[in-house]
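Worksheet for the structure shown next.
The values are calculated or read from the model by the stated rules, or taken from the named source; none is laboratory data. The model shown is predicted, which means the values in this text are computed figures rather than measured ones. So basically every Cβ, Gly included, is an ideal-geometry build from the backbone, and we count neighbours across all protein chains shown.
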Amino acid sequence: MLQSCKKSEQALVTDEIVKLRVELKQLWDEFELDRWDNLMDFIACFTIYFEELPNPELSYIVLFIMACHSLAMDKFCTLGCGSAERVNTTYYAIFSRYLNDTQLGFYRSLFEAWTVTLHREQPLKELLPTVTLPIVRDFMWADWRNENIAMVAYIRTIMVVNFPNEEMHSALSLSTGVYMSLQCGLLNDMASVAKDKNSNEINFFIDVAPGTVMKQKDLFEEVENYINTVNLSDNYKLVLRSTLHGSYILYTGSKRYYGKSQCNW
């Protein structure tokens, strides 16, 4: 399935994307990040429905920059290094070549809220308006996985880039984005335990909710059913499905958890 995603991805890759990929790889090395191949797996998986979007090339570019940005910030926030400001400045400058001021401002506000604040381990409910989804209301997401750091920003920025007239600030759209990011993280946790029996990682889902352990496929189907019933536009559901399917393919089919789990950096 991962190979199928990579073939589909090739249809999206333009000369501009090839040039950008070289630039981002140079920065990746400069910031001393590791496992570039895993990042490329991530990008390939999450573009699964991009061809159905109005702006597939720009969507791909936004996802690529965002993934590099979030992983770099994860390293420097976690280590408490003084380079975090430089990381932000560098990636915002790259974004400014592709996004208008409104889009960039939207991304910045979301990215800063969901990376910096969550690294300080504040309960999600303190960051949200009234939220009714139990998993969002009851869970604190302190163990925010690398690939999910900017998940909410990713979902909503891709929406703004493709569907600028959508209502993005409602409590339902925000809480649904949080719900999706949490569930994608749970798919991640299940995959880590399934593929790495010797890992010392705490499995968030099993540790916090021991009575609700599910198989990956069951969780995937549960979230897909939720997407089908939630009262949001078909445009929003399309981006949510891409996120869900990308997470499922990534965590079940990629080489991320072959061998002992470790940080991407």
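Checking 42, 95, 31, 76 one by one, the residue that is farther than 22 Å from residue 180 by Cβ and touching a Gly at 6+ places or on another chain (Cβ under 9 Å) is 76 and no other.
For the structure I just gave you, tell me whether residue 28 is surrounded by fewer than 18 Cβ atoms within 10 Å (Cβ to Cβ) and among the aromatic types (Phe, Trp, Tyr). Break it down stepwise before answering.
Working: surrounded by fewer than 18 Cβ atoms within 10 Å (Cβ to Cβ): no; among the aromatic types (Phe, Trp, Tyr): yes.
For residue 28, the condition - surrounded by fewer than 18 Cβ atoms within 10 Å (Cβ to Cβ) and among the aromatic types (Phe, Trp, Tyr) - is not met.
Using the structure shown, decide if residue 7 is more than 19 Å from residue 250 (Cβ to Cβ) and surrounded by fewer than 20 Cβ atoms within 10 Å (Cβ to Cβ). Break it down stepwise before answering.
Values: more than 19 Å from residue 250 (Cβ to Cβ): no; surrounded by fewer than 20 Cβ atoms within 10 Å (Cβ to Cβ): yes.
No.
Restrict the check to the range 46-63 and report whether at least one residue is farther than 19 Å from residue 163 by Cα, within 19 Å of the chain's Cα centre (by Cα), of a type outside the set (S, T, N, Q) and at pLDDT 85 or above. Taking every residue of the range 46-63 in turn, none turns out to be farther than 19 Å from residue 163 by Cα, within 19 Å of the chain's Cα centre (by Cα), of a type outside the set (S, T, N, Q) and at pLDDT 85 or above. Taking (1) out of contact with any Lys or Arg (no Cβ under 7 Å at 6 or more places or on another chain); (2) surrounded by 15 or more Cβ atoms within 10 Å (Cβ to Cβ); (3) not aromatic (Phe, Trp, Tyr) in turn, residue 33 satisfies each apart from (1). Taking the range 180-192 as the range and being at pLDDT 80 or above and surrounded by fewer than 22 Cβ atoms within 10 Å (Cβ to Cβ) as the test, no residue passes. Listed conditions (1) crowded, with 20+ Cβ neighbours inside 10 Å; (2) at pLDDT 65 or above; (3) not in a helix (DSSP H, G or I); (4) not aliphatic (A, V, I, L, M) are all met by residue 251, apart from (3).
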